[in-house]
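Report on the following structure.
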Amino acid sequence: MSDRKRYLADEGWLPAAIVALRNAGLQVIAPVRDEKGAVNLAPVAEAGDVTTDYVNVQLPLKRVLFPATESLLSYEKSEGGDVDMQPAPEPSGDEAAVIGCRPCDAAALEILDAVFQWDYDDIPYRGRRDKLTVVSFACSSPDEHCFCTSVGGSPHGVRGSDVVVYECDGGSLLEPQTERGEQLIEKLADGVRPAPDDAQAPSPPEVAPRFDTDKVKRWLDDHFESEFWVETSLACLGCGACSFLCPTCHCFDIVDEAAWNRGERRRNWDCCSFGQFTVHGSGHNPRPVQSARCRQRVMHKFKYFPDRFERIACVGCGRCIRACGVGRNLAHILAEIETK
């Protein structure tokens, strides 16, 4: 638990909080249910648009900081042959607050930070990250696909959050975790009040572990060439749904999209499950078969990333389980590995 002051808000506090933050000049991004019933994070202008009835948002929080596609630069060739190249506009200068993501999505930001601010400072990413305050809603009703406890998380985890909100009898308990979180609480003014010293967050719901990551890592260290990868890949469609819904996957491709004398250089999400992901300019593909690509996905998250950054590149959100069309999802594969 954080040593910072905690606050109480009465039931129904969220609409007034959104108004207060918008009046303070912040863009507010919160869960919104669309006409098809899917709940996703989206900018909100009206507090009544926000829903709190969801297990998790369908698409990960990462897309707020790392868009599925974005322009890096534009260029135009004049009739004289000169090329005018312009960098993409810097991210909006507006401060933003995400209100209502789950702790797993917030924890994923630490993994993205490790990549995008590692050996190279990714300016578009950092421009958005520096202006974002993350308010997560602790989970009260995880579903059967959640496995955060298997990867060191919790339905009430605080990693990556500036403020964590817990549902309590008659209202909510708000726990700032960072200075940025305290600054957001100040903007709520009379919408919150200091919590008494004995105020307690509810106990987190139980999420039974599905596998032991230490056992998984030990097996991966010694089984790069195992026939298991061939067996487990036979059902994989290579569709990439698991990667595109994953809050920690960060692979991208950079392409030039030209139209006559002008064009853009764009960064687009990519996926290690795709057959052409590793094709070299020479035509050589070091991962020509699906078994090599399935192996890469598991190895990257549970061996290569921990070896380099000392943390697992998975937060157990369960999206890969919900999305897999053949039931051959990451959690299933890891549970099999543990038994070997």
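The values are calculated or read from the model by the stated rules, or taken from the named source; none is laboratory data. Just so you know, these numbers come straight off a predicted model, no measurement behind them. When we count neighbours, we look across all protein chains shown, and the Cβ atoms used for this are built from the backbone with ideal geometry, even at glycine.
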Condition broken by Pro194, with the remaining ones in (1) surrounded by fewer than 14 Cβ atoms within 10 Å (Cβ to Cβ); (2) farther than 30 Å from Ala24 by Cα; (3) in contact with a Lys or Arg (Cβ under 8 Å, 6 or more places away or on another chain) satisfied: (2)
Unmet criterion (only one of (1) of a type in the set (Val, Ile, Thr); (2) more than 21 Å from Gln200 (Cβ to Cβ); (3) buried (at least 20 other Cβ atoms within 10 Å of the Cβ)) for Val164: (2)
Matching residues, region 286-334, being small (Gly, Ala, Ser) and crowded, with 16+ Cβ neighbours inside 10 Å: Ser291, Ala292, Ala313, Gly316, Gly318, Ala323, Ala331
Meets criteria (within 25 Å of Val32 (Cα to Cα) and buried (at least 23 other Cβ atoms within 10 Å of the Cβ)) for Val134: yes
Any hit, region 256-271, residues being under 23 Å from the mean Cα position of the chain (by Cα) and either among the β-branched types (Val, Ile, Thr) or at pLDDT below 95 (or both): no
Criterion (surrounded by fewer than 16 Cβ atoms within 10 Å (Cβ to Cβ) and touching a Lys or Arg at 6+ places or on another chain (Cβ under 9 Å)) met by exactly one of Ala68, Ala45: Ala45
From Tyr7, Tyr54, residue being more than 25 Å from the chain's Cα centre (by Cα), among the hydroxyl-bearing types (Ser, Thr, Tyr) and surrounded by 13 or more Cβ atoms within 10 Å (Cβ to Cβ): Tyr7
Verdict on Glu76 being in a strand (DSSP E or B), of a type in the set (Asp, Glu) and surrounded by 15 or more Cβ atoms within 10 Å (Cβ to Cβ): no
Failed item, numbered, when Ala241 is tested on (1) closer than 26 Å to Asp143 by Cα; (2) more than 19 Å from the chain's Cα centre (by Cα); (3) surrounded by fewer than 19 Cβ atoms within 10 Å (Cβ to Cβ): (2)
Condition met for Cys146 (out of contact with any strand residue (DSSP E or B) (no Cβ under 9 Å at 6 or more places or on another chain) and assigned by TED's automatic domain parsing to the domain that holds Arg22): yes
Scan of region 274-326 for residues that are aliphatic (A, V, I, L, M) and in contact with a Lys or Arg (Cβ under 7 Å, 6 or more places away or on another chain), ordered by number: Ile312, Ala313
The one condition in (1) in a loop (DSSP other than H, G, I, E, B); (2) over 23 Å from His250 (Cβ atoms); (3) out of contact with any helix residue (DSSP H, G or I) (no Cβ under 9 Å at 6 or more places or on another chain) that Pro89 fails to fulfil: (2)
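Table: residues versus (1) more than 29 Å from Pro15 (Cα to Cα); (2) in contact (Cβ under 8 Å) with a residue 12 or more places away in the chain; (3) within 15 Å of the chain's Cα centre (by Cα).
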site: Glu90; (1), (2), (3): yes, yes, no
site: Arg102; (1), (2), (3): no, yes, yes
site: Phe116; (1), (2), (3): yes, yes, yes
site: Ser140; (1), (2), (3): no, yes, no
site: Gly152; (1), (2), (3): yes, yes, no
site: Val165; (1), (2), (3): no, yes, no
